[in-house]
Every structure is written in structure tokens, then in C-alpha cells.
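Following: one structure in C-alpha cells, then a few remarks.
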Amino acid sequence: MKVIFAGTTKFALRILNAIEASKHQILAVVTQSDKINSRGNKIVDSPIKAYANEMQLKLFQFESISRDGFDILAQLQADIMVTAAYGQILSDKLLSLFKHGIINVHASTLPKYRGPAPVQYAIMNGDEELGVTIMQTVKQIDAGDIIATGSVKLDGSENADEALEKLAPVAANTLVSTLDLIENGQAQRITQDASRATFTKMLNKIDGRIIFNKSAQDIVNFVRAYNPNPGAYITSDRGRLRILRASAQDIEHNGIPGEVVRVDKTGISIKCANGVLLPLIVQADGKKEMPIDAYLRGNNIKLGYLFNSEL
């Protein structure tokens, strides 16, 4: 089939590569408009744009694909459009443009985790596997019929990017198989049970502050979900300290949540509602990331020190 692909991220690039390696033909690639990097105010190409330019693929960037892209994409006479981590809502007019409509690669087993952050929510909730759904796109967010699904096991240590990296090959293979089924008229569609739907929202930096009145394992999962972006952190009179990696121990100590209940040359333990949190890799404001023992050599954290004490 003749395919138009729309995506932005590294995860989306894995899907694009799989379509290119299949019998299907990429007519054009669409990605989000250029963004300005907060560091240095430089324009940074998305992974999809960088790859499309390198491989000399026909590339479009629309401020609004539904408003600005309809006539241009219609001229290409594609059979289907595939979206993966693209980031724009599509109009009814655009959805009806292609013979086989538009299908989307969503990183959850729908109807669970609809919305923009399914992998992060799965990690925060301690899920042991990630799912992917190939669905028929409709106007409602992630509410279309399910065509195919896949999944991958997690080992419980992955951050959000690492988890997506594990899911990407499963998603790519599932998408190509779905294109084959659609082309052969063999694709079956299952209506989602809306009563079982759960929803996610975009993670914001302000929501990344670690709250110690939760279990240590819940906080570890929070750290995994918020890293590498927008980042999980604790605060103190020394400023903000990002926690990039952490582990949990099911050990109870006297004290209050946020209090340092163990400190030695190897690290610290911070009391939580249940158990203790052991930061492993940290990053202070304006500094490089480092192991916790290196941080402690330059910061004298004593027993009884209280994080988040000023809030």
C-alpha cells in the first residue's frame, strides 16, 4: 500500500523504518513544526525530520495538519496514513481522506491508558508489561476500533525512554503486520469498551516533586516514569536535586517521611510512608549527573536531615 507517515519521536522513527523495510511504500513523511531548544535557543530537528532529510524523503511540517495539510496530502493519493507519537488532533475531513483511513500506533493496551503519556502511567502504576495497540483513528482521542495489539515484559528498572525502546520493535512489527492484513482485506476490528477506559495526561515539571508520604516502591516507580523528562526531584535548603535512579528497601525506621535515616560513604536512606528510598544517581541544579556517593563527598548530608522541609 501507499503510505503517508506522521510522527515525531525516536519511537515513531522505529515504526517508519519498519514500514520502509516492508513491501509498503512511503510516499511522504509528516512531522511537527520545529521546536526551539531551551538550552541555547537553537532549533533542534525531531528524529523524524533529521532522518527524512538524510534519506531525502518527501517531508512536510504543518502548523495544523488538518487546516494546512489536507489539499497537499490529498494530491499524493495514498491508500492509508499511519501516525505514531505525532501530536496533533486530526479533523473528520482528514480522517476520511484515505481509502483505508488513518491508523495510529498507541503505546498501551487500549482502552487502558488513553492520552499522551501511556508508558509513564504504566510505569508509575508498577505494571510488569507494556502494551501497544494499532487502532483505527477517530475524532475522539484513542477511542477508535482495535485492529491489533502486542506487549513486552519489563524488568522493573526501566525509565520511560528505556521502556519505549523495548516496546518499539514490538510496535513496529505489529504495525507492519496490520498493514498487511488491511491490504489483504483480513483486518478485524474490535470496538473498545469505553466503560473500561482509563486516561493519562501530559507530565509537567511542576508535578515531578517527590512526595515521601508514599511507599518507597511507589516513589521508585515515580522516578522511573518521570525520567528522563520532565524529571523527578526532591528539594531542600541546598536547592533542587533530581533523582535519576533509585531503589527501595522494605525496612522501617523511626522518623518522618523525607528524613535521612541512614547515611554512610556509600549512600543515604530516606524514610517513606513504607520502607526507605535509596537514591542511586542524582543531579543537582547546574551540575552533571553523578552517583550518590560522589554527591555526598561534596555535600555533607547528616543523619536526620529532612528533604522537602521548606514546603
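Based on this model, can you work out whether Ile206 counts as surrounded by fewer than 19 Cβ atoms within 10 Å (Cβ to Cβ) and not aromatic (Phe, Trp, Tyr)?
So Ile206 passes the test.
So, in region 215-226, exactly how many residues are touching a strand residue (DSSP E or B) at 6+ places or on another chain (Cβ under 8 Å) and either buried (at least 23 other Cβ atoms within 10 Å of the Cβ) or in a loop (DSSP other than H, G, I, E, B) (or both)?
4
Check Leu175, Leu164 and return the single one that is closer than 25 Å to Asn221 by Cβ, of a type in the set (A, V, I, L, M) and crowded, with 19+ Cβ neighbours inside 10 Å.
Answer to the check: Leu164.
For residues that are more than 30 Å from Phe307 (Cα to Cα) and among the aliphatic types (A, V, I, L, M), scanning just region 188-226, find the one that is nearest to the chain's Cα centre (by Cα).
Applying the filter and picking the extreme gives Ala197.
In region 115-146, which residues are under 17 Å from Leu167 (Cα atoms), surrounded by fewer than 18 Cβ atoms within 10 Å (Cβ to Cβ) and hydrophobic (A, V, I, L, M, F, W, C)?
Hits for region 115-146: nothing passes.
Kindly evaluate Ile190 against the criterion of being crowded, with 17+ Cβ neighbours inside 10 Å and modelled with pLDDT of 95 or more.
no
Note down all Cβ pairs under 6 Å where the first residue falls in region 233-255 and is within 12 Å of Ile210 (Cβ to Cβ), the second is at pLDDT below 90 and β-branched (Val, Ile, Thr), and they're at least six residues apart or on different chains.
Taking only residues 6 or more apart or on different chains, not a single pair turns up.
State all residues of region 282-298 that are touching a Leu at 6+ places or on another chain (Cβ under 9 Å) and either exposed (fewer than 13 other Cβ atoms within 10 Å of the Cβ) or under 24 Å from Gly255 (Cα atoms) (or both); if no residue qualifies, say none.
Listed by number, the residues that qualify are Val282, Asp285, Ile292, Tyr295.
Would you point out which residue out of Lys205, Lys214 is free of Cβ contacts under 8 Å to residues at least 40 places away in the same chain and among the basic types (Lys, Arg)?
Of Lys205, Lys214, the one residue that is free of Cβ contacts under 8 Å to residues at least 40 places away in the same chain and among the basic types (Lys, Arg) is Lys205.
Give me a count of the residues in region 235-260 that are modelled with pLDDT of 95 or more and in contact with a Leu (Cβ under 7 Å, 6 or more places away or on another chain).
Total meeting the criteria: 8.
For region 264-273, enumerate the residues that are buried (at least 17 other Cβ atoms within 10 Å of the Cβ) and in contact (Cβ under 8 Å) with a residue 40 or more places away in the chain.
Ile270, Lys271, Cys272
Looking only at region 227-252, filter to residues that are more than 24 Å from the chain's Cα centre (by Cα) and surrounded by 16 or more Cβ atoms within 10 Å (Cβ to Cβ); which one of those is farthest from Ala216 (Cα to Cα)?
Ser236
For the condition without any contact (Cβ under 8 Å) to a residue 60 or more places away in the chain, farther than 25 Å from Gln188 by Cβ, in contact with an Asp or Glu (Cβ under 8 Å, 6 or more places away or on another chain) and of a type outside the set (D, E, K, R), what is the one hit in Phe62, Phe70?
Every option except Phe62 fails the conditions.
The values are calculated or read from the model by the stated rules, or taken from the named source; none is laboratory data. For clarity, every value in this text was computed on a predicted model and none was experimentally measured. Reconstructed Cβ throughout: ideal geometry from the backbone, glycine too, with neighbour counts over all protein chains shown.
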